[in-house]
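In what follows, a single structure is set out as structure tokens and then discussed.
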């Protein structure tokens with residue numbers, strides 16, 4: 001097998017301040033592939049449900065331009081995964097418009113494969129009726145209603161669709177929803193490298209410089225594959241790869257640090273070794289691929305209403321002491337005031353920043369500060385009702401009267417004017433499940449496009 005050099009310039013296209021100098025240094029190493037992830041479910045269900053990009057067009061164009069120019073100048077393939085943020089057809093098409101614009105402005109000409117990852121809802125209903133949708137990570141069981149109400153559904157592809165495009169000689173591959181590690185592993189697997197080793201390499205490169213020390217996801221990380229091992233290192237001279245920084249990435253987004261499930265099996269790293277090859281480079285070997293049933297993860301989102309929010313600061317010690325009781329009373333008062341709205345037509349949540357807002361009931365150190373921020377979060381069946389309930393909640397707490405409180409009003413300080421923000425449509429994940437796919441290429445549609 002020929003040695004391979006693979007470059008990852010950023011943890012996510014358009015998300016952060018990409019280090020261009022480190023990327024230019026990597027291009028001097030004669031890379032065989034430039035890969036980059038462009039998406040995640042981390043920002044929540046809104047971006048999938050609304051088909052909205054989760055990064056700005058300006059930043060996305062900046063990074064795509066940098067990567068495409070380098071790919072075409074060196075004549076090496078470029079793979080972008082989960083285009084547009086969540087990888088549904090509208091996200092991919094948003095990305096393609098930017099690519100065509102860059103090509104026109106820079107005079108670039110290339111052949112591009114576009115791989116769509118959308119799964120028709122009737123296909124998912126078929127799997128549901130056969131009892132073949134398997135919940136992931138505590139997701140509730142799938143329902144027919146949830147599937148039918150979904151706006152977009154995408155299946156996270158493995159290496160196989162990407163390899164098919166590489167086999168066709170595609171110079172640029174823009175993929176819909178994609179496993180992050182597959183972006184970087186596709187070429188090594190095609191060249192005959194152990195699949196588990198290639199996917200482990202991809203897992204480390206997916207977040208670029210996150211695996212360096214000090215960590216920074218928007219600086220370039222390089223991997224070199226050779227025989228039964230690979231090495232990784234950053235090209236920013238101020239950072240280095242260490243055994244600790246590289247092996248720590250096994251804990252990232254993982255339930256089990258030694259097993260990484262993926263389409264068709266598991267990357268097993270129980271016997272993996274990490275060696276400090278030089279001051280800035282780590283060598284990894286021993287990762288294996290354990291084949292299993294070929295299943296794909298499907299993600300879908302549906303609209304659940306409209307959201308309004310309000311933010312306020314609280315510093316009064318007595319208000320803080322009785323805050324939970326005050327909020328409960330406020331919810332009851334608001335319910336009495338909006339009787340024309342069925343209680344099931346809206347839901348109220350609140351988050352107390354400075355006191356267990358992040359971990360909620362799982363918070364191991366529930367020590368409140370001397371001041372907190374209260375976020376009121378209301379989702380209702382339409383925007384007007386959401387705003388009305390939010391306003392009432394905020395003002396009920398503001399002017400809450402109780403023998404326990406010395407103040408007659410002003411218990412909280414609304415942070416902004418206007419104090420209620422209408423966020424717009426609210427979404428939830430309607431599917432976060434596995435479904436069987438004996439043919440790894442079956443859910444995906446590939447189009448070849450001549451750019452420029």
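The values are calculated or read from the model by the stated rules, or taken from the named source; none is laboratory data. Predicted, not measured: the structure shown is a model, and the values here were computed from it. Neighbour counts run over all protein chains shown; Cβ positions are idealised from the backbone, glycine included.
Here the condition is being surrounded by fewer than 12 Cβ atoms within 10 Å (Cβ to Cβ) and either touching a helix residue (DSSP H, G or I) at 6+ places or on another chain (Cβ under 8 Å) or more than 30 Å from residue 99 (Cβ to Cβ) (or both); of 355, 347, 340, it holds for 340 alone. Restricting attention to segment 217-227, does a residue exist that is modelled with pLDDT of 95 or more, in the same structural domain as residue 192 (by TED's automatic domain parsing), touching a strand residue (DSSP E or B) at 6+ places or on another chain (Cβ under 8 Å) and in a loop (DSSP other than H, G, I, E, B)? Scanning segment 217-227, I find at least one residue that is modelled with pLDDT of 95 or more, in the same structural domain as residue 192 (by TED's automatic domain parsing), touching a strand residue (DSSP E or B) at 6+ places or on another chain (Cβ under 8 Å) and in a loop (DSSP other than H, G, I, E, B), so the answer is yes. Among residues that are touching a residue at least 24 places away in the same chain (Cβ under 8 Å) and not assigned by TED's automatic domain parsing to the domain that holds residue 98, residue 166 is not included.
Condition check ((1) outside the structural domain of residue 222 (by TED's automatic domain parsing); (2) within 23 Å of the chain's Cα centre (by Cα); (3) at positive phi) across all residues:
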residue: 130; (1), (2), (3): yes, no, no
residue: 138; (1), (2), (3): yes, yes, yes
residue: 147; (1), (2), (3): yes, yes, no
residue: 173; (1), (2), (3): no, yes, no
residue: 176; (1), (2), (3): no, yes, no
residue: 201; (1), (2), (3): no, yes, no
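Among the residues of segment 247-290, those that are over 19 Å from the mean Cα position of the chain (by Cα), surrounded by 14 or more Cβ atoms within 10 Å (Cβ to Cβ) and within 19 Å of residue 235 (Cα to Cα) comprise 247, 276, 277, 280, 281, 282, 283, 284.
For segment 232-253, a residue qualifies if it is over 19 Å from residue 185 (Cα atoms), at pLDDT 95 or above and part of a helix (DSSP H, G or I), and the qualifying residues are 243, 244, 245.
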